[in-house]
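Shown next, in C-alpha cells, is the structure this report addresses.
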Amino acid sequence: MGANGAGKSTLVKVLLGLVEPTSGSASLMGHDVVRDRGAIRALVGYMPEHDCLPPDMSAAEFVTWMARCSGLPAAAARDRSAEVLRHVGLFEERYRPMGGYSTGMAQRVKLAQALVHDPRLLILDEPTNGLDPAGRDEMLALIQRTGSEFGMSVLVSSHLLGELERICDGFVLIDNGRLVRAERLGALTGETGTLVIEVDGDATAFAESLSAHGLLAQHERTRVLVQLPDGSDDAATRATYDAVRDAAIRDGTGLLRLERRRGHLEDLFQ
Amino acid sequence: MTTPGSYPTPPRGDVTTIHDLGYRRYEGARVGQAGAWRALYGQGLRTMFGLGRPMKAKALPVLLALATLLPALALLAASAASQGGLPIRYAIILQPQLILFVLFTAAQAPELFSRDQQHRVLPLLLTREITRTSYATARLAALMTALFFVVLAPLLLLYIGEVGVAADPAAVFEKMGTRIGPVLAQATITAIALGSIGAALTIWTSRRAYATASVIGFFLTTAAIAVGIDNLLGVSQRVVELVAPVRTLSMLAFLLFGETTRGMELDPPGSIWLYIGALLAVSTAACAVLVARVRRLVP
C-alpha cells in the first residue's frame, strides 16, 4: 500500500515482468522476475488496475480465451471459465457483450480472468477501484474467500487503508518507490497501551485532574488519553481504570467512553 | 451387480449435507506456449473476418471480400457467354483489386494491433504464456492468413471458373494444371507484403482511426511518389515499379501469369526475382519494425 504515485503499480509490473527493473533484482516464489519469467507465468494471476475488457466480447468468451492464452487446452479452458465466472457471481450475464457491464460486473470479470488458470499467487492492483460501498464490500468478501477457500496467496495493492485492514494478514508500505514498513497486521492493530476516555464536560480540566493524581494523561481535542503502565500488568491496569473512575466521581464529570485504543493502518501515515 | 445388502450402511444419525464442491484446483494438462500461440492466432484470424463478433464487425470485411469477387464473376459470365472465347486474364483482374486488398488491410489490421492496446489487453496477454515475440508473430500470422484467403478467393474463382466454362473442361484443365502455382504464389506474396506493412504501421497507435489512415496514407503516398518520379524525373520504369508496393505486386502478377500490357511490350519488365526480392525485402524490414516496436511497448 501507499499513496497515489508511491510506486505500487510499478512494483507489481516489475514483479510480473511487464517492466524491466532499472536496477536491483526481484524474485517471485523463488524465481527471478527477469531470468525466470517463463516459470512465473503459470504461477501468477494478474488483475490490472485499468480496464482490460474488449467491449464486444462476452465474459464467457474472454475468460475462456485468457485461459487458453495461459496454456490450458480448449475444453478445459471452457470448463474453468464457467467455474470461475460462477465463483465471482456472474451467471446469465456472462454471455452478453462486456461493453454493457456495470463497473461491479467488470471488476468481477477481471478477477475471474486472473483466477482462471489456477495460479498460486494472485496479484490484484486496486481491485475496488470505482466501486460503490456495497460493491466494494462484495469485492472484498470475494477476495477474502478466494484467499482462504482456494488456498491462494493474494497480493492486493491499494491506497484505501480501511479496506486493507479488513482482509489482510500483513502489509508493506511504500512511499516514493521506497519501502517504509513491512509487518504483519496483528502487530499494528492490536490493543495499544493507551486508554481513550471521552467525557461529558471539559476534557482539558479532566486531563489536568488525572495528571494531578499521578496518571500520565493528556487531552487530544475532546478526548483524554491516559498512558497505561508498561508490562500489561493486570493489577496495575485495573488500578488505572479505578483511578479514572474515582477522578470522574470527584469532579462530577460524566464518562461517555472508556476503552483501550486499537492501532490503525492510518496511524502509519501520520 | 451389487446386491442391496452390499451398499455401505449410512453412518448412525446421518445428517443430510449439500456438497458444495467449492473451488477445485486445475490439475489437468497445460499445453504451454504453443497452445497459447494457437489461441492468440485463432482469435486473431476470427477477428479479421468479424467471426463471433456482432454484425457491425462483420460488415466491412465481408463486403470488401465480396467486392473482390465481383469483377471475377463478371469476367467469368462474359467468358461463359462467349463460350470460352474471351480469354481470362488474371493480372488485369487483380490490378484494381489490389486497392481493395489494401483497404481490407487498413480496415482490419488495426482490429488486431491497435485494439489490444486500446482495450489494454496486451498487459494481460504478456503475463500469460505469451512473450512479446510470440505476440507479434501470432498476430502477424493471423493477419497474413486472412489476407491470403482474401487474395486467393477471386483468383481461385477465376481458376475454377475458367475450367468450368470451357467447352472441353478436361483439355483446359490439362493446360491449366500449372496455373494453380501462380495463383498460390501471388496470394502468398501479396499476403506477406500487405500483412507485414499493415502490421508495422498499425502497431504504433492504439487509435484505430489513425492506424487505418496510416495504412491508406502509406500506400497512397508511395503510389503518388511513383507517379511523381515517373513524370518529373523520367527515371526507369523499373525504379517506378519498385517504389510503390501495389505496383510491384501488380507487375508480379503479370509476370507470374505470363500476361503483358502494351506498355510492357514496349519496355520489357525486369526479372520476376527482382519484384519478389523487393517485396520480400520490404516485408522483412516491416517485420523487424513490428518486433522492435512490440519489444519496446510499455503496457
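Each reported figure results from applying straightforward, stated rules to the coordinates on display, with no laboratory input. Source: prediction; values computed, not measured. Cβ coordinates were reconstructed from backbone atoms using ideal geometry, including for glycine residues, and neighbour counts include every protein chain displayed.
Listed values, structure above:
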{"item": "Mean separation of Cα contacts under 8 Å, 6 or more apart, over the residue count of chain B: relative contact order %", "result": "23 percent"}
{"item": "The stretch A:1-142 pair-distance distribution - Cα-Cα, 5 Å bins, rounded %", "result": "2, 10, 18, 20, 20, 15, 10, 4, 1, 0"}
{"item": "Highest to lowest packing among B:237-250, B:49-62, B:213-226, scored as the average C-beta count within 10 Å", "result": "B:237-250, B:213-226, B:49-62"}
{"item": "When chain A is reduced to its Cα atoms, the Kirkwood hydrodynamic radius in Å", "result": "21.9 Å"}
{"item": "Shielding of A:147-160 by partner chains, average beta-carbon count, 10 Å", "result": "1"}
{"item": "Prolate/oblate/rounded call for the stretch A:88-130, Cα gyration tensor, a/c under 1.5 rounded", "result": "oblate"}
{"item": "Expected-Rg normalisation [2.2 N^0.38 Å, Cα atoms] applied to the stretch B:24-180", "result": "1.37"}
{"item": "Average beta-carbon neighbours from other chains, 10 Å sphere, peptide A:56-69", "result": "5"}
{"item": "For chain B, alpha-carbon Rg and Dmax in angstrom", "result": "26.3, 103"}
{"item": "Between helix A:133-150 and chain A: long-axis angle, C-alpha atoms, 0 to 90°, nearest 10", "result": "70 degrees"}
{"item": "In degrees, nearest ten, helix A:59-69 long axis to first principal axis of chain A (Cα)", "result": "80 degrees"}
{"item": "Shielding score for B:113-123, defined as the mean number of other chain Cβ atoms within 10 Å", "result": "4"}
{"item": "Rg and Dmax of the stretch A:136-254, Cα atoms only, in Å", "result": "20.3, 57"}
{"item": "Extent along principal axes [Cα atoms of the stretch B:157-232; Å; largest to smallest]", "result": "52, 37, 18"}
{"item": "Nonlocal amide H pairs with A:H31, under 5 Å, H built at 1.01 Å", "result": "none"}
{"item": "Computed [θ] at 222 nm, helices only, for chain B once each DSSP H run of length n ≥ 4 contributes -39500 (n - 2.57)", "result": "-23500 deg cm²/dmol"}
{"item": "For the stretch A:56-136, convex hull volume per residue from C-alpha positions, Å³", "result": "94 Å³"}
{"item": "Percentage relative contact order, chain A, counting C-alpha pairs under 8 Å, at least six apart", "result": "17 percent"}
{"item": "For the stretch A:54-179: relative contact order, % (alpha-carbon pairs under 8 angstrom, 6 or more apart)", "result": "23 percent"}
{"item": "P(r), alpha carbons of the protein assembly as shown - 10 Å bins starting at zero, rounded %", "result": "3, 14, 18, 16, 14, 12, 9, 6, 3, 3, 2, 1, 0"}
{"item": "Kyte-Doolittle at least -0.5, axis length at least 27 Å by Cα - qualifying DSSP helices, chain B", "result": "B:55-81, B:90-113, B:132-165, B:180-202, B:208-228, B:272-296"}
{"item": "Mean projection area, nm², convex hull over Cα of the stretch B:112-218", "result": "8.7 nm²"}
{"item": "Degrees between helix A:203-212 axis and first principal axis of chain A (Cα, 0 to 90, nearest 10)", "result": "60 degrees"}
{"item": "The stretch B:161-299: Cα Rg divided by the 2.2 N^0.38 Å rule of thumb", "result": "1.29"}
